[in-house]
Amino acid sequence: MDKGKLALIQVSILLIGFFGWYILSDQDIQESEQPYSITVTDSNGVVHQFEESPSRVAISNTYIASAMRMLNVSSSVVVGVSGDFDDSILWPEYNETKIVQNSAHSEIDFEALYDARPDVYIVFATNGMVDTSAIRNKLDEVGIRVIALDFYKYDYLRTEFQVIAELFNKQEEMNDLLADFDSIELLIEGRISSLESDNRPTVVMEHHASLTRDPVVLTGTSQWTDMIEKAGGINFFAELPGHTTHVDMEAILDADPDVILFDGITFDIGFNRFDTDGISCDQHIEFVSERPGFDGVQAVIDDRMLIFSGEFAGPMMIHGLPTLAKHLHPEKFLDIDTDSYLDEYFSEYHGVERIGKFVCQSGNGD
């Protein structure tokens with residue numbers, strides 16, 4: 001073979017090799033530049049990107065689990081939970097799941113969490129008893145992403161559901177859920193939208209810590225203010241700073257509210273709970289009504305003191321809205337069976353029959 005032909009073959013081989021290298025390199029570059037398929041922003045404003053839906057998730061509270069159920073996210077992705085999932089009727093699928101912290105508000109058992117090997121840990125975003133930033137800093141170091149969502153603030157509820165829908169590709173279920181939300185909200189709005197402010201009852205919403213000398217009330221930044229306003233009421237202390245704040249007893253006497261509500265999260269009421277343990281609703285209501293001067297408060301006179309279970313301040317809040325609205329405006333909802341909305345919430349989204357005591361009322365009972 002002459003030198004010319006040999007040189008031509010060598011050049012051809014080099015060109016082919018170079019072309020192959022270029023194709024492979026270009027492919028690698030394209031793959032490295034390819035955007036993540038899932039991008040979500042949590043309620044702390046932190047952006048999270050995923051190439052695919054996470055398959056190993058730990059969750060710190062039942063509000064998050066409820067939201068995942070409502071969007072039909074498979075429980076098989078959950079590899080760690082808190083001790084709040086102790087009700088085997090409502091949460092049977094988590095009976096054998098590793099417990100990574102005693103409750104949503106307790107310290108994390110990091111050894112148990114690492115053993116569970118989650119890719120993602122979903123925790124509260126703004127709960128005052130949870131140091132979300134510290135959790136994020138700790139777990140970022142070991143490659144566990146912390147997604148912060150609350151599911152107890154009305155203003156952010158739909159946005160937080162959207163995060164779960166995008167994370168687990170549940171847009172169709174999300175659309176159905178929003179349609180359900182819309183129909184309930186439109187019902188309430190249609191009944192109360194024409195009410196002037198004079199016809200909207202003033203409400204004092206007391207925190208469960210109100211067995212202390214100075215009552216603790218929920219202010220305008222609390223989730224309950226949104227619910228009270230959507231149900232046709234006025235939170236008397238909405239303008240006070242903070243999420244909750246102490247007020248003098250005289251401040252409530254001066255307010256003379258039409259209705260006094262209590263956050264019932266620490267009472268033994270709610271799903272599969274029947275007001276039999278600890279301080280009962282009746283004992284609490286009696287204690288409040290016997291405060292000096294409260295015998296002249298309109299809410300006490302009219303027996304309009306109410307304790308709502310913790311579910312009303314979580315993902316169930318929109319299905320619980322008719323119950324609150326009917327208590328505030330009974331004449332507007334005479335034909336509405338508000339219990340049916342609570343029943344539907346548990347049957348449709350949790351697959352169980354609703355059992356337990358959900359509302360306590362002074363005087364004439366539930």
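Just so it is clear, none of the values below were taken in a lab; they were calculated from the coordinates. Computed from a predicted structure; not experimentally measured. Cβ coordinates were reconstructed from backbone atoms using ideal geometry, including for glycine residues, and neighbour counts include every protein chain displayed.
Pulled fully out, how much extra length does the chain show between Ile336 and Asp140, if you take 0.36 nm times their separation in residues and subtract their Cα-Cα distance?
Working: separation 196, 0.36 × 196 = 70.56 nm, distance 4.90 nm.
Going from the current span to full extension adds 65.7 nm.
Rounded to the nearest 20 Debye, what is the dipole magnitude of the range 38-173 about its Cα centre when Lys and Arg each give +1 and Asp and Glu each give -1 at the C-beta? Before the final figure, lay out the partial values.
Working: 10 positive and 22 negative charges, 35 e Å.
I would put it at about 160 debye.
Take every DSSP beta bridge with both residues inside the chain and express the antiparallel ones as a percent of the total, to the nearest 5. It would help to have the intermediate numbers written out before the result.
Details: 16 of 39 bridges.
For the chain, the DSSP antiparallel bridge percentage is about 40.
At 222 nm, what helix-only mean residue ellipticity would the chain give, in deg cm²/dmol to the nearest 500, using -39500 (n - 2.57) for each DSSP H run of four or more?
On the way: 12 runs with 139 residues, N = 366.
Calculated at 222 nm, the ellipticity per residue is -11500 deg cm²/dmol.
How far apart, in nanometres, would the label points at Asp256 and Ser75 be if each is projected 7 angstrom from Cα along the Cα-to-Cβ direction?
5.2
Could you work out the relative contact order of the range 185-361? I mean the mean sequence separation of Cα pairs under 8 Å and 6+ apart, divided by the number of residues, in percent. Before the final figure, lay out each step's value.
Details: 296 pairs, mean separation 42.5, N = 177.
It comes to 24 percent, rounded to a whole number.
Provide the gained length on full extension for the span Asn272 to Ser53, in nm with one decimal, where the gain is 0.36 nm per separating residue minus the Cα-Cα distance.
75.5 nm
Mind ordering 198-208, 69-79, 170-180 by average Cβ neighbours within 10 Å, highest first? Don't jump to the answer; show the numbers that get you there.
On the way: 198-208: 19.5, 69-79: 18.0, 170-180: 15.2.
Going from most to least packed, we get 198-208, 69-79, 170-180.
Just rank Leu261, Leu187, fewest to most, by other beta-carbon atoms within 10 angstrom. The partial results should precede the final answer.
On the way: Leu261 26, Leu187 16.
The order, fewest Cβ neighbours first, is Leu187, Leu261.
Provide the convex hull volume over Cα atoms per residue for the range 38-173, in Å³. Please list the in-between numbers first.
On the way: hull volume 14.0 nm³, N = 136.
Each residue corresponds to 103 Å³ of Cα convex hull volume.
Treating only the Cβ atoms of Lys and Arg (+1) and Asp and Glu (-1) as charged, compute the dipole magnitude of the chain about its Cα centre; round to the nearest 20 debye. List each step's numbers first, then the result.
On the way: 23 positive and 64 negative charges, 267 e Å.
It comes to approximately 1280 debye.
Have a look at Val77, Val204, Val259 and report the one farthest towards the positive end of the charge dipole of the chain, computed about the Cα centre with Cβ charges (Lys/Arg +1, Asp/Glu -1).
So the residue furthest toward the plus end is Val77.
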